[in-house]
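In what follows, a structure is listed as structure tokens, so that the remarks can point back to it.
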Amino acid sequence: MKLLRYLLLLLFGILFTTIITATVKGQTQTLYSLHVGASGDSNSVGNSGVQADIQTHIEDVASPASTYSFWVGDDLVNGAFIQFGYELNTPGTYCLYGEQIGANTNCFGSSDYIGSGDARWFWQYWPNSQSMDFYFEEGQVYSVGSDGSWRTYEIAPNVANGWNFILDGQIERSFNSYQVTTSKDAAYVVAEEATAGSASGNLGPVEFRNLEYLNDVGWQPVTSLTAISDCSTSNQLGVYPNCDISNPYGVSVNGSSWNIIAGSGQNEVLDGTVLWTSSPTLTLQVPSQVSITLDGVSQNPGQIQTTLPTGTHYVSVPSFVQLDNVTRLRFIEWLDWSNAAQRITDPNITITLTSNYSLSAVYATQYKLTLVSSIMIGSSAFSYTSWENWYDSGSTGNFTISNPSILMTFNGWYDEYGNLVTALQNGTILMDGPHILVAQWQPNYVVLGGGLVLIMIVLTVISKRRSKVKD
């Protein structure tokens, strides 16, 4: 299915230039489409934009070919197809901006003669990749610069929720006839030749680099490359995956980097061959006092960023981190940078790593609230800790005492500096740091004094009774 998809979509793009050429020359014919290139990793599926740098390679289109084109593009979930790059055509007069409906061109702008070696940027948008209707545009004469120069081709959403085709940061066209939809396939770059007979053997080679895709986080580089290599035929009736000529073009990756070279003279590889894969980077953000355990090995405290082999990895952080006797950190959740809506509340997680991945561990600072009971007898205080608990920073701590004994008088709650907080039995305190609250008591001398008098009377009576008995 993947091969058929590439054959269909890429051949539709080639058919655009061929139909115009055929109209100019008064010809209709079956075309062959030969294309090679590379697609990115699975994380680029669902993107809302693609971009790549493409090196300009100027040459004459050799017979029997009609077009050489080099572009970045993607297939969209609504069945559409979009591409942006540059191309070389056989000499002729072409509509520069319009809509192709079957064999008919509805030209929205002017036409121009395109001569040999005139490399121009172009874009195409196919609302339905199964039909022969699409929108197109060709740039001005020599619009992609001299041979060997580099240009950045970007397809991205605009403020009207349409598409911008951006060359080196300059918007060449804001196309708003159709709204942005995400991709259903990985981002890819392709070098292709349209020919009426056999391969010319002269396609490029052309170098692509910095293949990236746009998601909610921003522009992301691909972390693997898979070969595209196939051939198909097309005419006004449709596009067919069967191809009875040889595709002599190949694709390779430049050294250990991921610069892609596609076209003549490169390694001929099977479609779907893995060309390059990186060791993905795992980034774990934690407070500087938190130690991470990665695959059973304890790491130094603080954030880590490391390259790991693809596959399953185990990450653990502590639920609590004691900073001192009265301050600690409490784990709340992991935040997934690529999916802001996802919340992982278990500090121990398993990660299946296929590409760069980032997580942040969210911790709350907690402070201890300590309640102390203190009895004042004369100038001496007798104290003991009666209760303690932890509260998140910024929250409200609660304190209370039960009904006091009639033998004791409650003076109030005091802070650790001796300041009266409240004379009430209940209260609250803002936990902007650790706090000690002292419930201060003193003996109820009125009650105690009455008790002493009673005791003395009783003792006197007993003493007198004992004296009478003795006499």
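The values are calculated or read from the model by the stated rules, or taken from the named source; none is laboratory data. Model, not experiment: these values are computed from the prediction. Here the Cβ is made from the backbone with ideal geometry for all residues, glycine too, and neighbour counts use every protein chain on show.
Does Glu154 fit the bill of being under 34 Å from the mean Cα position of the chain (by Cα) and in the same structural domain as Val222 (by TED's automatic domain parsing)? Show your work before the answer.
Working: under 34 Å from the mean Cα position of the chain (by Cα): yes; in the same structural domain as Val222 (by TED's automatic domain parsing): yes.
Taking the combined requirement at face value, the residue satisfies it.
Examine segment 334-342 for a residue that is within 30 Å of Gly427 (Cα to Cα) and assigned to a strand (DSSP E or B), and state whether such a residue exists. First the steps, then the outcome.
Step one: list which residues in segment 334-342 are within 30 Å of Gly427 (Cα to Cα), which gives none.
Among the residues of segment 334-342, not one is within 30 Å of Gly427 (Cα to Cα) and assigned to a strand (DSSP E or B), which makes the answer no.
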Query raised in the report: Out of curiosity, is Ile304 surrounded by 13 or more Cβ atoms within 10 Å (Cβ to Cβ), in the same structural domain as Ile228 (by TED's automatic domain parsing) and β-branched (Val, Ile, Thr)?
Result: no
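So that you can scan it fast, the table gives a plain yes or no per residue for (1) of a type outside the set (Ser, Thr, Tyr); (2) surrounded by fewer than 15 Cβ atoms within 10 Å (Cβ to Cβ); (3) farther than 20 Å from Asp74 by Cα:
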{"site": "Ser174", "(1), (2), (3)": "no, yes, no"}
{"site": "Ala186", "(1), (2), (3)": "yes, no, no"}
{"site": "Leu203", "(1), (2), (3)": "yes, no, yes"}
{"site": "Tyr213", "(1), (2), (3)": "no, no, no"}
{"site": "Thr223", "(1), (2), (3)": "no, no, no"}
{"site": "Ser252", "(1), (2), (3)": "no, no, yes"}
Report task. Tally the residues that are modelled with pLDDT of 95 or more and not basic (Lys, Arg), restricting the search to segment 326-344. Result -> 7
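Here is a check on your reading of the model: is Leu329 surrounded by 15 or more Cβ atoms within 10 Å (Cβ to Cβ) and either under 30 Å from Gln442 (Cβ atoms) or under 26 Å from the mean Cα position of the chain (by Cα) (or both)?
Values: surrounded by 15 or more Cβ atoms within 10 Å (Cβ to Cβ): yes; either under 30 Å from Gln442 (Cβ atoms) or under 26 Å from the mean Cα position of the chain (by Cα) (or both): no.
Spelling it out, it is not the case that Leu329 is surrounded by 15 or more Cβ atoms within 10 Å (Cβ to Cβ) and either under 30 Å from Gln442 (Cβ atoms) or under 26 Å from the mean Cα position of the chain (by Cα) (or both).
Please find, within segment 65-97, the residue that is nearest to Gly204 (Cα to Cα) out of those that are of a type in the set (Gly, Ala, Ser) and surrounded by fewer than 19 Cβ atoms within 10 Å (Cβ to Cβ). Write out each step before concluding.
At the first step, the residues of segment 65-97 found to be of a type in the set (Gly, Ala, Ser) are 65-66, 69, 73, 79-80, 85, 92.
Filter again for surrounded by fewer than 19 Cβ atoms within 10 Å (Cβ to Cβ), leaving 79, 92.
Numbers: Gly79: 30, Gly92: 21 Å.
Going through the qualifying residues, I end up with Gly92.
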Report summary line: In segment 247-281, residues that are among the small types (Gly, Ala, Ser) and modelled with pLDDT of 90 or more total 7
Query raised in the report: Somewhere in segment 429-439, is a residue modelled with pLDDT under 90 and of a type outside the set (Phe, Trp, Tyr)?
Result: no
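Name every residue in segment 48-64 that is surrounded by fewer than 24 Cβ atoms within 10 Å (Cβ to Cβ) and touching a strand residue (DSSP E or B) at 6+ places or on another chain (Cβ under 8 Å), in order of residue number. Break it down into steps so the answer makes sense when it comes.
Step one: list which residues in segment 48-64 are surrounded by fewer than 24 Cβ atoms within 10 Å (Cβ to Cβ), which gives 48-49, 51, 53, 55-64.
Once the filter is applied, which keeps residues that are surrounded by fewer than 24 Cβ atoms within 10 Å (Cβ to Cβ) and touching a strand residue (DSSP E or B) at 6+ places or on another chain (Cβ under 8 Å), segment 48-64 yields Ser48, Gly49, Gln51, Asp53, Gln55, Thr56, His57, Ile58, Glu59, Asp60, Val61, Pro64.
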